[in-house]
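One structure below.
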Amino acid sequence: MSTLLNSFKYSPFLCYECPQLASLAHQHGEKVLYPKHHIILTPEMPVHSVYYIEQGRVRYVSISPQGDEHIWGILTEDSFFGLIPILLLDPSCGVFVITETPTTIYKIEKDCFLDILNTFPEFNLSIIKGLAHFGNELLNQIESLLFYNNRERLLELLLASIDKENPVDQNWYQLKIQYTQEDIGKIIGATRITVTRLISELCKEEVIRMVNHKIEIKYTDP
């Protein structure tokens, strides 16, 4: 397992953080509470704000003309989205942004956000670093879809989801997020039937186990 962790870079959890944004969001943003499974943005919806996630989780989703869904990434607390359309003067988001849990967000209106960039030049570097890191992780995802097989992507998803702070047994860990097999398929680009087969195989190999219908994974720090 440690070899896999060191070999592959894929993770669905996109890091799009900017530490300075938290205080600025509280000062200049509008607090909004969204319920679970709420569609915040659609591909055609104009983007007029930058969104800072104080609590909760959202996913980026694309839907093909045939209705097939793919989850490109997941943003968690202290991340932000909506910045790229604002900076590129492109009014559309290009993807669906949907909450996975009840989510608390601060919306900073476009003009206000641009004023912040002009007022706090040191803030710009943090934004650039956040965008660069975000772009690098998207590149890793594209490489994973092109060059890794379904089993490898599933293992990477499970490894990225480990709750290392709370081991349940010697070298066994629960996952921070328990996704349905359907959602796992949308993340790794596989059918639900394929996901079911892979989970069964990994259970037989004692790489993972099912406890009360939840996945636990065996992991040893490298």
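Which of the residues belonging to segment 153-181 are in a strand (DSSP E or B), crowded, with 17+ Cβ neighbours inside 10 Å and modelled with pLDDT under 90?
Result: I162, single match.
Would you call L155 in contact with a strand residue (DSSP E or B) (Cβ under 7 Å, 6 or more places away or on another chain) and either among the β-branched types (V, I, T) or touching a residue at least 40 places away in the same chain (Cβ under 8 Å) (or both)?
So L155 does not fit the description; no.
Only one of N118, N136, N124, N150 is closer than 26 Å to A22 by Cα, in contact with a helix residue (DSSP H, G or I) (Cβ under 8 Å, 6 or more places away or on another chain) and either exposed (fewer than 14 other Cβ atoms within 10 Å of the Cβ) or at pLDDT 90 or above (or both). Can you tell me which?
Being closer than 26 Å to A22 by Cα, in contact with a helix residue (DSSP H, G or I) (Cβ under 8 Å, 6 or more places away or on another chain) and either exposed (fewer than 14 other Cβ atoms within 10 Å of the Cβ) or at pLDDT 90 or above (or both) holds for just one of N118, N136, N124, N150, which is N124.
Conditions first: (1) exposed (fewer than 13 other Cβ atoms within 10 Å of the Cβ); (2) closer than 18 Å to G73 by Cβ. I184 passes all but one, so which condition is the exception?
Failing condition for I184: (1).
What are the residue pairs meeting all of these: first residue in segment 84-105, first residue aromatic (F, W, Y), second residue not in a loop (DSSP other than H, G, I, E, B), Cβ atoms under 8 Å, and 6 or more apart or on different chains?
F96/I39; F96/L41; F96/Y60; F96/V61; F96/S62; F96/I63
Looking only at residues in segment 36-79 that are aliphatic (A, V, I, L, M) and under 24 Å from I142 (Cα atoms), which one is surrounded by the fewest Cβ atoms within 10 Å (Cβ to Cβ)?
I63
Can you tell me which residues in segment 194-222 are touching a residue at least 40 places away in the same chain (Cβ under 8 Å) and either touching an Asp or Glu at 6+ places or on another chain (Cβ under 6 Å) or in a loop (DSSP other than H, G, I, E, B) (or both)?
Scanning segment 194-222 gives V207, Y219, T220, D221, P222.
Among the residues of segment 94-109, what is the count of those that are crowded, with 20+ Cβ neighbours inside 10 Å, closer than 17 Å to I63 by Cβ and touching a Ser or Thr at 6+ places or on another chain (Cβ under 7 Å)?
Total meeting the criteria: 1.
The values are calculated or read from the model by the stated rules, or taken from the named source; none is laboratory data. The structure presented is a predicted model; accordingly, all values stated were derived computationally and were not measured. All Cβ positions, glycine included, derive from the backbone under ideal geometry; neighbour counts span all protein chains shown.
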